[in-house]
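Visitor: Dumping the structure here so I can ask a few things about it.
The values are calculated or read from the model by the stated rules, or taken from the named source; none is laboratory data. The structure displayed is predicted, hence computed values, not measured ones. Glycine gets a Cβ as well: all are built from the backbone with ideal geometry, and neighbour counts include every protein chain shown. These area figures cover heavy atoms from the full protein model, side chains too; ligands, DNA and RNA do not enter into them. Shrake-Rupley method; radii C 1.70, N 1.55, O 1.52, S 1.80 Å.
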Amino acid sequence: KVAGLSCDKFGGPSDEKAAEMVYWDDIPSDASFVSPFKAVGPQNKYLTFEPDEGGWNNLRMAMETAVATAHAMGRILVMPPEQGIYLLANGSNKQKKKWTYSDFFHFESVAIEHAGVEIISTQEFLEREVMTGNIKSAKTG
C-alpha cells in the first residue's frame, strides 16, 4: 500500500517504529473518490506544473499539492521533465545529475489505489496531445 511505510527490506526500523514517522493517513474512502469535474468539458483535461528551484522538501510539497489539485479538479497531472535538483547533483562526475519525480515516488501505485488520480510524464503528454495535433494555437486554431 502506498499510504504505509516499510523499511524492513532496507535494514531500517521495524514497521511499528516506521509507522511513527508517517505523517499521512490512509483514508479508505479516498481511494474511490473521483472529482465531479472529471465529467465536465473535454474528456482529457490536464494540469502541468514546474517546481521551483528550492530544496528537496519544497519540491516534494509542490508535487503533493499538484497531485491533490489535479485530483480535486479531475485533471490528468503532467509531471515536469527530468531536471537538476538543488544540492542533489553536487557529487562526482559519475553521479546522476537530473531526476524526475518518478525516481522518488511510485506514481503507478498511487493511480492503482486511487480511482480519480492519473499521472503521466511530460513525454507521454507530448506523445498523446502535441504529436497527434490535439494541441492547437489559441491564435491560429
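Visitor: Among 40, 125, 111, whose Cα lies farthest out toward the positive end of the dipole of the chain, if unit charges sit on the beta carbon of Lys, Arg (+1) and Asp, Glu (-1)?
Guide: 125
Visitor: Using helices alone, what [θ] at 222 nm do you get for the chain, with -39,500 (n - 2.57) per DSSP H run of 4 or more residues, divided over all residues and rounded to the nearest 500?
Guide: The helix contribution divided over the chain gives -6500 deg cm²/dmol.
Visitor: Might you report the magnitude of the Cβ-based charge dipole of the chain about its Cα centre, with Lys and Arg at +1 and Asp and Glu at -1, to the nearest 20 debye?
Guide: The calculated dipole for the chain is roughly 620 debye.
Visitor: Please work out the average accessible area per residue across the chain, using the 1.4 Å probe convention, and give it in Å².
Guide: Ligands and nucleic acids excluded, the figure is 69 Å² per residue.
Visitor: What do you get for the angle between helix 56-73 and the principal long axis of the chain? Use alpha-carbon atoms, 0 to 90 degrees, nearest ten.
Guide: Long axis of 56-73 versus the principal axis of the chain: about 50 degrees.
Visitor: If I stretch the segment between residue 35 and residue 61 completely, what's the gain in nm (0.36 nm per residue apart, minus their alpha carbon distance), one decimal?
Guide: Separation in residues times 0.36 nm, less the Cα-Cα distance, equals 7.2 nm.
Visitor: Where a ≥ b ≥ c are the square roots of the eigenvalues of the C-alpha gyration tensor, would you call the range 1-70 rounded, which needs a/c under 1.5, or, failing that, prolate if a/b is larger than b/c, or oblate?
Guide: Note, shape of the range 1-70 comes out oblate.
Visitor: How big is the dipole moment of the range 1-50 about its Cα centre under a simple scheme where the beta carbon of each Lys and Arg is +1, that of each Asp and Glu is -1, and everything else is neutral? Debye, nearest 20, please.
Guide: 340
Visitor: Right, here's the next one. Nearest 0.05, what FRET efficiency do residue 19 and residue 82 give at R0 = 30 Å with Cβ-Cβ as r?
Guide: For R0 = 30 Å, the calculated efficiency reads 0.35.
Visitor: Let me ask you something else. For the chain, which whole percent of the accessible surface, found with a 1.4 angstrom probe, sits on carbon and sulfur atoms?
Guide: The nonpolar share, carbon plus sulfur, comes to 57 percent.
Visitor: Between the alpha-carbon centers of the range 24-86 and the range 108-122, tell me the distance in whole angstrom.
Guide: Using only Cα atoms to place each centre, the spacing works out to 9 Å.
Visitor: Right, something else. Would you list, by chain and number, the lysines whose Cα falls below 24 Å from the Cα of residue 38, excluding same-chain residues fewer than 8 positions away?
Guide: Those lysines meeting the cut-off are 136.
Visitor: So, in nm, how far is label residue 43 from label residue 27 when the simple model puts each one 7 Å beyond its Cα toward the Cβ?
Guide: Computed distance between label sites residue 43 and residue 27 equals 3.1 nm.
Visitor: Would you compute, for the Cα atoms of the range 10-141, the largest minus smallest coordinate along each principal axis and list the three values in descending order, in whole Å?
Guide: That works out to 55, 45, 21 Å along the principal axes.
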